[in-house]
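*Asks:* The structure follows.
Please treat every number below as a calculation from the coordinates, not as lab data. Just so you know, these numbers come straight off a predicted model, no measurement behind them. Cβ atoms come from the backbone with ideal geometry, glycine included; neighbour counts cover every protein chain shown.
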Amino acid sequence: MLPNHYHLLIRTGAIKALTRHLGLLHGRLSREWNLEDDQAGRKVWHRVSDRGNRSGDHYWVTMNYIHHNPVHHGYVDSWTDWPFTSAHGFLEEVGRERAARIWREFPVKNYGKGWDDQ
């Protein structure tokens, strides 16, 4: 979770329904925030994008990308410094050694280029 966007990595058999529900949530939140800020009509959310994972490797690159996103956008120097992330639970679950191996084996490289250039 970043100040201006978020990424989710989830497994679902109903991506269209999930996307619809996210759209409804975004609509309700937009209205609420715009009323609070007296900014009727302001665009709060810009898009929902679903990208299916194509392989196990793609899953791990995506996981690395999400955890690295606060660094990518310049909020922190290390992804473990960002408080609003699943990275801390991930490290507890897999351990630092395995997390470091996953980072090396599944590098982010240009992942997100063109759709996460905010």
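*Asks:* So which residues in the range 28-59 are basic (K, R) and more than 22 Å from A17 (Cβ to Cβ)?
*Replies:* R42, K43
*Asks:* If you check T80 against the conditions, is it in contact with an Asp or Glu (Cβ under 9 Å, 6 or more places away or on another chain), on the phi < 0 side of the Ramachandran plot and polar (S, T, N, Q)?
*Replies:* Values: in contact with an Asp or Glu (Cβ under 9 Å, 6 or more places away or on another chain): no; on the phi < 0 side of the Ramachandran plot: yes; polar (S, T, N, Q): yes.
No: the conditions fail for T80.
*Asks:* Same structure, new question: L2 fails exactly one of the following numbered conditions: (1) touching a residue at least 24 places away in the same chain (Cβ under 8 Å); (2) loosely packed, with under 13 Cβ neighbours inside 10 Å. What is the number of that condition?
*Replies:* Among (1) touching a residue at least 24 places away in the same chain (Cβ under 8 Å); (2) loosely packed, with under 13 Cβ neighbours inside 10 Å, the lone unmet condition for L2 is (2).
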